[in-house]
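The values are calculated or read from the model by the stated rules, or taken from the named source; none is laboratory data. Quick caveat, the model's predicted, so the values are computed rather than measured. Heads up, the Cβs are rebuilt from the backbone with ideal geometry, glycines too, and the neighbour counts pull from every protein chain shown.
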Amino acid sequence: MKRALAQATAMLVSLTATLVASAQIEGHPSKWIALSTTAMGITGDIRSDPTGLTIAGHHLQLRSKQELSADEIGDAARLFSRKVTDDLSGAIYRTYLGANTRLFGSNTLCGKKDTTWVVVMLSGPEGADHRRSLYLATFSGKNAPDLRPSVIDKSLDLCGTYWYERSN
């Protein structure tokens, strides 16, 4: 009984965090400052709005959202070398950005492949005194990425990972 209650509580906390984070990324326009080397060199600072992300002047529409389960949150956190914490939430989105779309330094999100999927993960408390982090992982391929380490370590579809902090 205690185990079932603990599992139900964990699922509720995860669902609540996901809903809060989803509202944040999709709710109103926000500016995100590039922090990782890949983000600074390929995308620069980005903006989020209710329909997607603007990256180096190109709008990346995010559609067909699939919330990440607790296990997938752990797998996604591993992609970004993050520890799993209660404030993490995320989703996988279908998208499209052609391989010929040039960003900073004539770079692309997926090299010579079209970008077809984006994993979006949010962390950090909300509020005026707190910073939220946004993590993106871009993928090519027809099927949604499988984030399990045994699969992702062999995947040729993972294109890059990016880290941002929300600007006040």
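Annotations
- Residue 101 surrounded by fewer than 14 Cβ atoms within 10 Å (Cβ to Cβ) and either touching a residue at least 12 places away in the same chain (Cβ under 8 Å) or assigned to a loop (DSSP other than H, G, I, E, B) (or both): no
- The residue that is surrounded by the most Cβ atoms within 10 Å (Cβ to Cβ), counting only those in the range 143-168 that are of a type in the set (A, V, I, L, M, F, W, C) and part of a loop (DSSP other than H, G, I, E, B), is 147.
- Restricting attention to the range 76-93, the residues being more than 12 Å from the chain's Cα centre (by Cα) and either at pLDDT 90 or above or over 17 Å from residue 162 (Cβ atoms) (or both) number 6.
- Members of the range 104-125 that are over 30 Å from residue 71 (Cα atoms) and either in a loop (DSSP other than H, G, I, E, B) or in contact (Cβ under 8 Å) with a residue 40 or more places away in the chain (or both): 104, 105, 107, 112
- Residues of the range 77-98 that turn out to be farther than 22 Å from residue 108 by Cβ and in contact (Cβ under 8 Å) with a residue 24 or more places away in the chain, as a count: 10
For (1) touching an Asp or Glu at 6+ places or on another chain (Cβ under 8 Å); (2) within 24 Å of residue 42 (Cα to Cα), each residue gets a yes or a no:
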site	(1), (2)
60	no, yes
79	no, yes
82	no, yes
87	no, no
100	no, yes
116	no, yes
133	yes, yes
140	yes, yes
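- Residue within the range 99-121 that is within 13 Å of the chain's Cα centre (by Cα) and either more than 20 Å from residue 158 (Cβ to Cβ) or among the basic types (Lys, Arg) (or both) present: no
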